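This report concerns only the one structure given below.
What follows draws every value from the coordinates through simple rules; no lab data is involved. A quick note: this is a predicted structure, and the numbers were derived from the prediction, not measured. Glycine also receives a Cβ, built like all others from the backbone with ideal geometry; neighbour counts cover every protein chain displayed.
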Amino acid sequence: MDSVTSEPHPTAPPHQTLSSTADNGLKIVVVGGFGVGKTTLVRSVSEIRPLNTEETMSQAGEDIDDTDGVAAKTATTVAFDFGRISLDTRNVLYLFGAPGQERFWFLWDRLFSGTLGAVVLVDTRRIADSWYAVDRLEHHGTPFVVACNDFGGPAHAPADVREALDLGEDVPLVFCDARSRESSKQVLIALVEHLKAITEPSGRPHASHPRTHPEPIPEHAP
């Protein structure tokens, strides 16, 4: 994973080609609620100019999408984001960012197919919005880490985030800034290290703990 330290894609050739020796593609999905920064994370860490399927938000979606806390958001992903990182001459990491709105959740099950692991992005201003992502990953038995994206919202202790999302202690929880390549890289490294830690000798990952129901988000004094 150290090779992720290559320069960010804006300074790379516009159409960086894949090495002819690469023969092992590894898939990671980035999921989470609406407007948590999934597109931004994929864009910041990809070595190529990412494929984005963003469309301008219209008034027609105002009654469908919950824009509380993200009123300034003007575009949204309607299919998925795609980026790429070459780990070495033979291994390539493919990043897929899933749309966060409820009306696009039907796409998630297809995106999860063949996934090595996942990153669940969380906006601490709207923690509950990412609960469904955690639920679906556990339903599929997909290993994941949770990354709290820094939007300048209320500070939550890790224990509070775990309680709000009903996370077991075995699920890594990190804090990040999805706009920063270095920070996004650390999130991916945390996921890879988690996958290595939970892999049994048979090569199969341990199943996640069963999901019960969402816990109320703790209130915090200023």
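Remark: spin-label model distance HIS139-ARG110 equals 1.7 nm, labels positioned 7 Å along the Cα→Cβ axis.
Taking the centroid of alpha carbons for each part, the range 158-183 and the range 107-124 are 15 Å apart.
Charged neighbours of CYS148, selected by a Cβ distance under 15 Å, balance to -1 (K, R count +1; D, E count -1). Around the amide H of GLY35, modelled in the peptide plane, lie the amide H atoms of GLY100, all under 5 Å away and 5 or more residues distant in sequence or on another chain.
Residues whose amide H falls under 5 Å from that of ARG84, counting only those 5 or more places apart or on a different chain, are GLU47, ILE48, LEU95, with hydrogens built in the peptide plane.
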